[in-house]
Number of protein chains: 2
Amino acid sequence: MLRLGPFAAAARCLPARPRLGPLCLAGNRGSFARSWLPAGDRGALYRQVRAAAAGGERLPVLKTPKGTRDHAPAQAALRERLLSAVVSCFKRHGAAAIDTPVLELRETLVGKYGEGAKLIYELKDQGGELLALRYDLTVPFARYLAMNKITKMKRYHVAKVYRRDNPATTRGRYREFYQCDFDIAGQFDPMIPDAECLKIVHEILSDLQLGDFVIKVNDRRILNGVFDVCGVPESQFIPACCTIDKLDKIPWEEVRSEMVGEKGLSPEAADRIGEYVQLHGGLDLIEQLLQDPQLSQNKVAKEGLGDMKLLFEYLTLFGITGKISFDLSLARGLDYYTGVIFEAVLLQQDHEHLEEPLSVGSVAGGGRYDGLVGMFDAKGRKVPCVGVSIGIERIFSILEQRLEASGEKLRTTETQVLVATPQKHLLAARMKLISELWDAGIKAEMLYKKDPKLLKQLQYCEDTGIPLAAIVGEQELADGVVKLRDVATRKEVDIPREKLIDEIRRRLEP
Amino acid sequence: MLRLGPFAAAARCLPARPRLGPLCLAGNRGSFARSWLPAGDRGALYRQVRAAAAGGERLPVLKTPKGTRDHAPAQAALRERLLSAVVSCFKRHGAAAIDTPVLELRETLVGKYGEGAKLIYELKDQGGELLALRYDLTVPFARYLAMNKITKMKRYHVAKVYRRDNPATTRGRYREFYQCDFDIAGQFDPMIPDAECLKIVHEILSDLQLGDFVIKVNDRRILNGVFDVCGVPESQFIPACCTIDKLDKIPWEEVRSEMVGEKGLSPEAADRIGEYVQLHGGLDLIEQLLQDPQLSQNKVAKEGLGDMKLLFEYLTLFGITGKISFDLSLARGLDYYTGVIFEAVLLQQDHEHLEEPLSVGSVAGGGRYDGLVGMFDAKGRKVPCVGVSIGIERIFSILEQRLEASGEKLRTTETQVLVATPQKHLLAARMKLISELWDAGIKAEMLYKKDPKLLKQLQYCEDTGIPLAAIVGEQELADGVVKLRDVATRKEVDIPREKLIDEIRRRLEP
């Protein structure tokens, strides 16, 4: 499991963090032309570029596209640990991995995301098919199931998705970001796969020790029932859902006025909806709504409430109801949900130890989408699905800021041994020894200098967290030994050459 | 290390391989409309879609974009093993991971790929920056170094890149494909990092047991020297390189006529080049060329040959010269190389055991590019770099076809225990037990049915390769035990509930 403490065990090992701010060089052509001149001996290529520059072109602006970022080694290492914690949970629940292309046919994505559609990145028409970058991993999964006529599958998929959204990078909102999805497709007994999805969210958020959290649960059928009994016409159910979905960001008054103004609901309907969607609780609330004079008469609401009750039973068996809240304000923005929906949010008080309190929003979400696969099938054959997506970018932001605040540093490499020499003219000895270590599967480095100073070599171990140095000098070569140095304790022992690999392995045992 | 034999140890565990052929549904509107009608109770969304269909729209074509593909679980599992073998070699050599966006500013990529530029995927101008999909991982790495003013770094990067090339999927050529890059940036003593890159190629190709291979090595400076002494003007060096690069695909006669026809070289120059580029050998050839009356007078060729000699010395220390061929026909297609270049090819005879002999071309390549980072720097500051890219798609194709030919199957999940019940009305018991196992970090599944038959549950273990079944029936519940079944031997033992987790861990020890 991912815990921040132990990360720093090997500390003192990270190169200075690169400044990631954009270095805009536009308009800097004067110094470019001047400095480019003594470019030296590579002839043709440089002359080409120089000619282009003289012709009015300029150096490219040095930045990543808006809303995207590089990961320096420390960030890549943190992300690898985070993703591996998530993936090991998915594997613990028996999921297989699949992969789909970053590119999809444009028509595959059209009509699946409601208002989100305007955020889809489209590719330039360069001849051939019209393409777009995937917006999530769910629609490609549904396309995959339909295309291969698969009716039963438990899969995970960890990959980047793309949205031309307004980036809010401090809160972990990017235009290119990872999604970590776990989905169960197939016709099964009600709420068993749904309960497992919630168990997974609970396991991951607990393992990551992100602080206290709550998982809000609702059901699109209950919401549709509410809309119905409040007098909303069926054609307005999805738009109303999208408006309700904003309740975690804006107050009810604004949501109400959007419903009445933009969506054309009557003020009375809006007020009645308001009474329902401000309710949240547990089993008791479910029971109360099952007795509600209007809702209890509504077929879909009753189905939803019955399943919600069953879900709570299962969550009790899993021992996780303490973190679950049945919340009628939860709506989820996407069109394709048809049943249970859920969203996990971190509770604010746990960020007190950070310099500035974070507002990270939801860190996981998902739900049931029984109709999506059918939208891809010529005969409309349905494959019921339920799934969860872990909001890895927001979690990553929190861990990154927590790591920064702690001053701890992650090791970015796994090198176990530095092969070093104490005198000049021993490059050949280093190369022979390091080659033996590599061939034995030991992670080893040497400095890329013919005659590095011993101090520099040992300093490199300290800087990058390498625990052992294998030193071969003239005396060691003559004696057929290697001096093995423990970098932390500075203790050195001569080891017979033929026993070196075994000794290194012994020292590195956990 | 990746070996194909052991993959199948857990055999009998793969769901039928999905048929990946495109299922074109265009024009199938009749059956779509008919089957869509009884869509049921999801109201609004379905009616919207149905209305769209009635309005003349059709079901999306069910395929992935040209030159791309999905990975089914068995393929994803094979790819994960392959990538992890490559990454562990990169880590063994002390590299840190970085990540960069799939999207780059268009201007970042412009002018770096010569003839390759026409294969760059560009994004539609949707307002804002002009973007493109990365074409390789090398230019983004150079951009990253320049942007962060990093002058020394050893990094690996495994990620997808995009080229609008003509796909040849049986040979592993796709439009979306993985690159696995290892690069060393920094000013070091000559040929030490270059030699390590070749060692890495040697290690990876040996570990993967792909059969016999050879790593061709050359140096752009030697080629430039050859062009120079043959009377080629400097402005034609790069185009001449691109033509020479085709020598592995087309015979010398055609290359010659392209040089004379398209590139405008004199027939005499082309013939003299022809004499050089058909040479290949080892140290003896280097010595011979160092004595060559023309080349020995050429400054850059002499530098290149001197470094090539040094490189061979180092490769001798690494013990890998047996697989290295100094080959003057090797040119590499990319503009940015400035020194050593290399390419690994599999030797054909090793594919005899496959049904059809494969022609997979090169499986790794790379070289030195000392000028690329400087192209991004306002002051033209250079950061010398050398790197290697593993041609993972081609290797994947070979392993996939080999696996298929062997009839062996990969396990696609890692589930260790199936939680099962032998009687009805025991769902709660299963859920409680599986929850305990998950919380103890054990990989466990159960069927998503209230009352599955025991036989079905055991069959699932056999089908998916789950080694253990933990069975709780009424008797076991009464006795406070769980029946632990070894799926392979069918032996069952009652284990006290409180000792179950330890017993499972003990059984799963390697």
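The values are calculated or read from the model by the stated rules, or taken from the named source; none is laboratory data. Owing to the predicted nature of the structure, the values given are computational and were not obtained by experimental measurement. Every residue, glycine among them, receives a Cβ derived from its backbone with ideal geometry; neighbour counts consider all protein chains shown. To get the accessible areas, we keep the full protein, side chains included, count just its heavy atoms, and leave off ligands, DNA and RNA. Shrake-Rupley method; radii C 1.70, N 1.55, O 1.52, S 1.80 Å.
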Worksheet entry | Estimated buried accessible area (total), pair B and A, 1.4 Å, Å² to nearest 100 | 11400
Worksheet, complete the sentence: Rounded to one decimal in nm, the spacing of the 7 Å Cα→Cβ label points at B:Arg497 and A:Thr169 is 5.4
Worksheet item: Which length gain, in nm to one decimal place, applies between B:Gln297 and B:Lys249 when the Cα-Cα distance is subtracted from 0.36 nm times their residue separation?
Response: 14.1 nm
Fill in: Lys/Arg +1, Asp/Glu -1 at C-beta; segment A:334-473 dipole; positive extreme among A:Gln457, A:Tyr336, A:Gly371
A:Gln457
Worksheet item: To the nearest 0.05, how large is the calculated FRET efficiency for B:Lys379 and A:Lys456 if R₀ is 25 Å and r is the Cβ-Cβ distance?
Response: 0.35
Discussion item. With +1 on the Cβ of every Lys and Arg and -1 on the Cβ of every Asp and Glu, and nothing else charged, how large is the dipole of the protein assembly as shown about its Cα centre, in debye rounded to the nearest 20?
Written reply: 680
Worksheet item: To the nearest 20 debye, what is the magnitude of the charge dipole of segment B:135-228 about its Cα centre, counting +1 on the Cβ of each Lys and Arg and -1 on the Cβ of each Asp and Glu?
Response: 480
Worksheet item: Per residue of B:99-112, what is the mean number of Cβ atoms on other protein chains within 10 angstrom of that residue's Cβ?
Response: 6
Practice prompt. Determine which aspartates and glutamates satisfy two conditions relative to A:Lys456: a Cα distance under 18 Å, and not lying fewer than 8 residues away in the same chain.
Written response: A:Glu445, A:Asp486, A:Glu492, B:Asp189
Worksheet item: What's the carbon and sulfur percent of chain B's accessible surface, probe 1.4 angstrom, rounded to a whole number?
Response: 51
Item to complete: Two decimals is fine: what is log10 I(q)/I(0) at q = 0.10, 0.23 Å⁻¹ for segment A:403-510, from a Debye sum with one equal scatterer on every Cα and no solvent?
Response: -0.27, -1.36
Discussion item. Let me confirm one metric for peptide B:117-130, namely the mean number of other chain beta-carbon atoms within 10 Å of its residues' beta-carbons.
Written reply: 4
Discussion item. Treating only the Cα positions of chain A as identical point scatterers, give the base-10 log of I(q)/I(0) from the Debye formula at each q in 0.06, 0.10 Å⁻¹.
Written reply: -0.42, -0.94
Discussion item. Filter A:Lys382/B:Lys432; A:Lys160/A:Lys379; B:Lys409/B:Lys449; A:Lys409/A:Lys491; B:Lys263/B:Lys299; A:Lys491/B:Lys199 down to the pairs with a C-alpha to C-alpha distance above 29 Å, please.
Written reply: A:Lys382/B:Lys432; A:Lys160/A:Lys379; A:Lys491/B:Lys199
Worksheet entry | Centre separation in Å (Cα based) which lies between segment A:92-150 and segment B:451-476 | 36
Fill in: Dipole in debye (nearest 20) - chain B, about Cα centre, beta carbon charges: Lys, Arg +1; Asp, Glu -1
2420
Worksheet item: Stokes-Einstein D for segment B:450-504 at 10 °C, 1.306 mPa s, Kirkwood Rh over Cα pairs, in µm²/s?
Response: 136
Worksheet, complete the sentence: With the label set 7 Å along Cα→Cβ, B:Gly480 is separated from its counterparts in the other copies, in nm and shortest first, by 6.3
Fill in: Extreme residue, positive dipole direction of segment B:196-290, given options B:Cys197, B:Phe237, B:Ile215 (C-beta unit charges)
B:Phe237
Item to complete: Would you list the membrane-span-like helices of chain A, meaning whole DSSP H runs whose alpha-carbon atoms span at least 24 Å along their axis and whose mean Kyte-Doolittle value is at least -1.0?
Response: A:73-92, A:299-317
Practice prompt. Give me the distance in nm between label points sitting 7 Å out from Cα along the Cα-to-Cβ direction at A:Gln348 and A:Leu130, one decimal.
Written response: 4.5
Worksheet entry | Accessible surface, the protein assembly as shown, averaged per residue in Å² (probe 1.4 Å) | 40
Worksheet entry | Residue mean of other protein chain beta carbons inside 10 Å, A:201-211 | 1
Worksheet item: Can you give the three extents of the C-alpha atoms in the protein assembly as shown along their principal axes, from longest to shortest, in whole Å?
Response: 102, 64, 61
Discussion item. If Rh is defined by the Kirkwood formula over all Cα pairs and Rg also comes from Cα, what ratio Rg/Rh do you get for segment B:113-214?
Written reply: 1.03
Practice prompt. Order A:Ser406, A:Ser329, most accessible first, counting only protein heavy atoms with a 1.4 angstrom probe.
Written response: A:Ser406, A:Ser329
Worksheet, complete the sentence: homo-copy label distances at A:Leu290 (7 angstrom along Cα-Cβ), nm, one dp, ascending, are 8.9
Practice prompt. Give the nm distances, rounded to one decimal, from A:Glu122 to the matching residue in every other copy, measuring between label points 7 Å along Cα toward the beta carbon; shortest first.
Written response: 1.6
Worksheet entry | Residue-by-residue Karplus 3J(HN,Hα) for segment B:363-369, coefficients 6.51, -1.76, 1.60, Hz, glycine and proline x | 10, 6, x, x, x, 9, 9
Discussion item. At 0.36 nm per residue, and after removing the present C-alpha to C-alpha distance, how many nm does the segment from A:Leu279 to A:Val61 gain when stretched out fully?
Written reply: 73.3 nm
Item to complete: Work from the charge dipole of the protein assembly as shown (Cβ charges, +1 for Lys and Arg, -1 for Asp and Glu, about the Cα centre) and give the residue of A:Gln75, B:Ala146, B:Trp438 farthest towards its positive end.
Response: B:Ala146
